[in-house]
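Below is one structure, written out as structure tokens, with a few remarks after it.
The values are calculated or read from the model by the stated rules, or taken from the named source; none is laboratory data. This is a predicted model, so every value here is computed, not measured. When we count neighbours, we look across all protein chains shown, and the Cβ atoms used for this are built from the backbone with ideal geometry, even at glycine. Side chains are part of the model used for accessible areas, which takes the heavy atoms of the whole protein and leaves out ligands, DNA and RNA. Shrake-Rupley method; radii C 1.70, N 1.55, O 1.52, S 1.80 Å.
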Amino acid sequence: MIEIKNLTKVFPARKGLLGHDAIKAVANVCFSIPEAGSVSFIGESGSGKTTIGRILAGLETPSSGDIWIQGVNVTKMPQAERRRFLRQVQLIQQDPYQALNPARTIEQALGDPLKVIARERGQDSAWIQTRMHDVLHRVGIEPGSVLNKYPHMLSGGQRQRIVIARALTVDPKVLVADEAVSMIDVSLRLGVLKLLKDLREQFGISLLFITHDVASARYVGQNGQLFVIYKGMVIESGPTDQIIDQPYHPYTQALLSAVPVLKGLENPGPDRFIPLRGDDQELIPDTVCLYQPRCPFAQTKCREERPALQGTEHAHACHFPVVRRVVATVRANEG
Amino acid sequence: MAAEFEARDFHARGVQIRNLRVSYQTPQGDIPAVNGVNLSIAPGKITGIIGESGSGKSTLAMALMNTVPRPGRIISGSVVVDGIGDMLTIDKESRRRAHGRHLGFVFQASQNSLNPLRRIGAQVLDLGRSHNVKDLRALIKRAKELLGKMGLNADRVLLSYQHELSGGMRQRVGIMFALVLDARVVILDEPTTALDMLSQASVLQIVRQIHQERHLTTVLISHDMGVVADLADNVVVMYGGELAEQGSTEEVLAHPLHPYTQGLIKAIPRISGPLDQAVALPGLPPDSAALMAHGCLFAGRCPKRLPVCGESRPTYESVGQGRYVACFRVAGHD
Ligand SMILES: Nc1ncnc2c1ncn2[C@@H]1O[C@H](COP(=O)(O)OP(=O)(O)OP(=O)(O)O)[C@@H](O)[C@H]1O
Ligand SMILES: Nc1ncnc2c1ncn2[C@@H]1O[C@H](COP(=O)(O)OP(=O)(O)OP(=O)(O)O)[C@@H](O)[C@H]1O
Ligand SMILES: [Mg+2]
Ligand SMILES: [Mg+2]
């Protein structure tokens, strides 16, 4: 069980041509992932998704807030201990091409972390071999077909499976999958998504799934929670399918409207609208709704007061929440 | 205003590709990246080209412009653009003039096609000079008009270097370059890959709008069926350097004929509907051995395989109403 409370990350001001102010990349984010549970984060580029994942994996320190993992407050630990403890959290990044060293075979790529663990646990090389075969089987790969190969000889989907297998060598409790399928061909995506779902169900691994493709969040397992994040703040959260079917926040509705409609198979949602993608860099004062400058439904109150996240099961931060059906529906003729 | 911009012709231009073959020469042998492609690109329509990574989409697009880089080589075929002629045989100078002026091209990962050391505005002027545009002020005006239409602050963008622009802004700048000389045929190679959903939706909306306003012929290349399905009028499915199927988007999606197309559509993660309807496509794209073999390129992955599929390759046949397919299972082959 993981609990994140009031997580905030401020990146200091950068001196440069455009003279950046300090960036609040993550602001007061709270969520929890039960054992074998999943939480997905969606939001546009720059909304803070990766920063949350990196903090959880111990690659970035939060400015404030607490991270509890199985009853232990990680943020209070000394750095070296924290680093060891956070090995339970493994990060899988977007690009399976960069994640693997092109000059090392798959056997070497998996052997390196296993040797470290074997030394710690006083195990021998037979144990390493067994374990290597075990993690490859878990990701659905026949060891004999890949061990002697180099990364460039594998498909994107296979490579991402190897990256996941490498993460599994340390028996993680949590996987953070940051855009883990977005660079893989669509034909292979579903297989990797199903693998993540199986790892949850079979091995009790918890999943933090970061994506800008909302549809893929549905496939890492039902009963998952979806968090919509905008400029570092959670603006809507709840069960994945409920948010897709009944989104309250205009920003969530914009993200869902942006999902392409499959002509011939789907009908566009009756309330779908063409979302605006501002390139707005300007700072928005704390006293107004963050989304109000881009919101097609903004009213006076939105320019006077910042809405708080309200509700429990399905929460939203909007003064004028209205459910809009923006998602495409399947045509009857499909089958 | 220069006459060259006023005299816009509004006749959309088609492109006829015949028996096109392109291969890359590598130490491991020749890779037939585009292998005997026959395709008519309808004037005034958006044609989507879809296929897995390595299926030859970018190579086909570059061959269309006759700009295949080494070690690639166009081995045979013709690419006739209405009003210009065969891109593969016209002289160098006419070809150079055709680029930009008649054919606009946005490269895959468009960031790489911009010069990192020159401001965007200066690059617009470079482009104009290289095409002997007399009225450079009018050209800048048109660039601003296009950028503005795409929701960008035109003055700021023209003064920027590429590294000062976000990925979504660069894609839009790439589209501006493709259109600023008033090209009539526009080829977009993965214009939204690596963009987030909102930037993608806005780029697609811009393409749709400009396509209509200017009566363009647009070729949209993507590995994402969603993007093609949302935008394109017609879709062409590529597999292993060959065409597997084509037709109107609605028809192909609702009634795919080729087992590969069927598998591809089933494998799309969907935003609504039952989860178990989506099934991953098993197997891998053809390797070089499969490309050289006699049988159907898809036979190794095909759930509907017949004995004949391992022996010879099905030809790409018309099955009526603008639909073509290369499959022994489909009528027209027996
Ligand atoms: N090391 C850093 N120094 C300064 N600013 C940073 C740093 N890392 C991230 N940021 C800023 O923090 C914000 C959130 O970035 P983050 O990478 O978490 O977004 P994201 O939601 O993952 O975006 P994407 O979808 O593009 O991956 C952005 O404004 C980004 O520019
Ligand atoms: N410069 C090159 N040298 C050797 N082979 C190449 C070269 N460029 C492409 N190829 C090969 O040609 C084939 C087609 O490549 P192409 O880039 O056209 O595919 P694509 O469909 O555009 O793929 P993607 O979706 O990854 O962009 C592939 O097998 C590729 O490996
Ligand atoms: Mg990120
Ligand atoms: Mg390509």
Using +1 on the beta carbon of Lys and Arg, -1 on that of Asp and Glu, and nothing else charged, what's the dipole of the range A:60-173 about the Cα centre, debye to 20?
100 debye
Neighbouring partner chain Cβ atoms per residue of B:279-288, average, 10 Å criterion
4
Per q in 0.11 1/Å, what log10 I(q)/I(0) does a Debye calculation on the alpha-carbon atoms of chain B return?
-0.74
Both in Å, the radius of gyration and Dmax of the C-alpha trace of the range A:249-335 are 15.6, 51
State the extension gain, in nm to one decimal, for the chain segment bounded by A:Gln246 and A:Arg331, taking 0.36 nm per residue of separation less the distance between their alpha-carbons.
28.7 nm
Which residues, if any, in the range A:30-75 have at least 10 Å² less accessible area in the whole protein complex than in the isolated chain, probe 1.4 Å?
A:Glu44, A:Ser45
Each label point is 7 Å from the Cα along the Cα-to-Cβ direction; what then is the distance between the points at A:Gln98 and B:Arg96, in nm?
3.7 nm
Violations at 26 Å Cα threshold for listed pairs A:Lys194/B:Lys266; A:Lys5/A:Lys49; A:Lys49/A:Lys149 -> A:Lys49/A:Lys149
Per-residue ³J(HN,Hα) for the range A:311-325, Karplus 6.51 cos²θ - 1.76 cosθ + 1.60, θ = phi - 60°, Hz, x for Gly and Pro
x, 10, 4, 10, 9, 8, 10, 8, 6, 10, x, 9, 5, 10, 8
Quick one: Cα centre-to-centre distance for the range B:140-177 and the range A:130-147, in angstrom?
48 Å
Once the dipole of the protein assembly as shown is set up from charges on Cβ (+1 Lys and Arg, -1 Asp and Glu), the residue from the list A:His249, B:Ala278, B:Val22 lying farthest towards its positive end is B:Val22
Using a Förster distance of 56 Å, the FRET efficiency for B:Ser312-A:Trp127 (Cβ separation, nearest 0.05):
0.65
Carbon/sulfur accessible area of the protein assembly as shown, % of total, 1.4 Å probe, equals 51 percent
Rg over Rh [alpha-carbon atoms, Kirkwood Rh] for the range B:1-142
1.00
When the charge dipole of chain B is computed with +1 at the Cβ of Lys and Arg and -1 at the Cβ of Asp and Glu, the Cα pointing farthest to the positive end, of B:Leu152, B:Val219, B:Ile268, is that of B:Leu152
What's the total accessible area buried between chains B and A, using a 1.4 Å probe, rounded to the nearest 100 Å²?
4100 Å²
Treat every Asp and Glu Cβ in the range A:2-245 as -1 and every Lys and Arg Cβ as +1, leave all other atoms uncharged, and give the resulting dipole magnitude about the Cα centre to the nearest 20 debye.
660 debye
Per-residue Cβ counts within 10 Å, from other chains only, averaged over A:188-197: what number is that?
4
With labels modelled as points extended 7 Å from the Cα through the Cβ direction, what inter-label distance (nm, one decimal) is found for A:Phe203 paired with B:Tyr161?
4.5 nm
Say we join alpha carbon atoms closer than 10 Å with springs in a Gaussian network model of chain B; which of B:Leu306, B:Leu39, B:Leu281 then has the biggest fluctuation?
B:Leu306
If you average 1/r over every pair of different alpha-carbon atoms in the range A:1-142 and take one over that average, what Kirkwood value in Å do you get?
17.9 Å
In chain A, once you exclude exposed GluC sites (Glu not before Pro) (DSSP loop, at most 10 other Cβ within 10 angstrom), what's the longest stretch remaining?
A:1-281
List the trypsin sites (Lys or Arg not before Pro) within the range B:227-314 that DSSP assigns to loop and that have no more than 14 neighbouring Cβ atoms inside 10 Å.
B:Lys304
Kirkwood Rh, Cα atoms: Rg over Rh of the protein assembly as shown:
0.97
Using a Förster distance of 25 Å, the FRET efficiency for A:Gln310-B:Ser272 (Cβ separation, nearest 0.05)
0.40
Only Cα pairs within less than 10 Å get springs; with that Gaussian network setup on chain B, which residue of B:Ala138, B:Ala232, B:Ala244 has the largest fluctuation?
B:Ala138
Out of all DSSP beta bridges with both ends in the range A:2-245, state the antiparallel percent to the nearest 5.
55 percent
Counting only other residues whose beta carbon sits under 12 Å from that of B:Gln321, what net charge do I get with K and R as +1, D and E as -1?
-1
Using a 1.4 Å probe and ignoring any ligands, DNA or RNA, find the accessible area of A:Lys263 and quote it in Å² to the nearest 10.
50 Å²
Probe 1.4 Å, protein heavy atoms only - accessible area per residue of the protein assembly as shown in square angstrom:
43 Å²
Expected integer from the mean partner chain Cβ neighbour count at 10 Å over B:216-228 is 2
Pick out, from A:Ser63, A:Ile184, A:Leu195, the residue whose Cα sits farthest towards the positive end of the charge dipole of the protein assembly as shown, with +1 on the Cβ of Lys and Arg and -1 on the Cβ of Asp and Glu.
A:Ser63
Mind telling me which of B:Val34, B:Val157, B:Val185 comes out most flexible in a GNM of chain B, alpha-carbon contacts under 10 Å?
B:Val157
How do B:Val22, B:Val319 stack up against each other in accessible area, from largest to smallest, with a 1.4 angstrom probe?
B:Val319, B:Val22
Expected field for B:Ile84, accessible surface area in Å² at 1.4 Å probe radius, rounded to 10, holds 40 Å²
Just how large is the dipole of the protein assembly as shown about the Cα centre, in debye to the nearest 20, putting +1 at every Lys and Arg Cβ and -1 at every Asp and Glu Cβ?
1160 debye
Could you work out how far apart the two model spin labels at B:Gln16 and A:Asn223 are, taking each label as a point 7 Å from the Cα in the direction of the beta carbon, and quote it in nm?
6.2 nm
Quarter of the surface of the C-alpha convex hull for the range A:2-245, i.e. direction-averaged projected area in nm², equals 14.5 nm²
